[in-house]
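Heads up: the structure comes next, in structure tokens.
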Amino acid sequence: HDADGDSVCGDVDSCMYDAENDSDGDSVCGDVDSCSFDVENDVDVDLLCGDVDSCPYDAENDADDDGVCGDEDSCEYDSENDVDSDSLCGDVDSCPLDSNNDADNDLLCS
């Protein structure tokens, strides 16, 4: 008996209802695998399987939309990635365009 039509008899077929026999090799048969082509089964838990996820290790999928996934982005919430090069990301920098960060304390960014 070959229920999935993969030419492997059901009594020896480890995935008897999966014609591709666990194609991603994650030990979960494709008929019950939510990500049948993703061996890590959506490791970042963003409901996108890794084989179609542009940022497979970033649950927010590049939150600042700068083209760099959050797991690799030094400023994951700053789309300009510290444009003034003062080692403070723009989302937390009081003077995001002033590398001296109001050095004269006049409360004005230069």
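In a solvent-free Debye calculation with one equal scatterer on each Cα, what is log10 I(q)/I(0) for segment 1-103 at q = 0.11, 0.12, 0.18 Å⁻¹, listed in the order of the q values?
Debye output, listed in q order: -0.52, -0.57, -0.83.
Can you give me the P(r) profile for segment 55-110? Cα pairs, bins 10 angstrom wide beginning at 0, each as a whole percent.
Taking every Cα pair in segment 55-110, the percentages come to 29, 40, 21, 9, 1.
Only the coordinates and a few stated rules stand behind these numbers; no lab work does. Everything numeric in this text was worked out from a predicted model, so none of it was measured.
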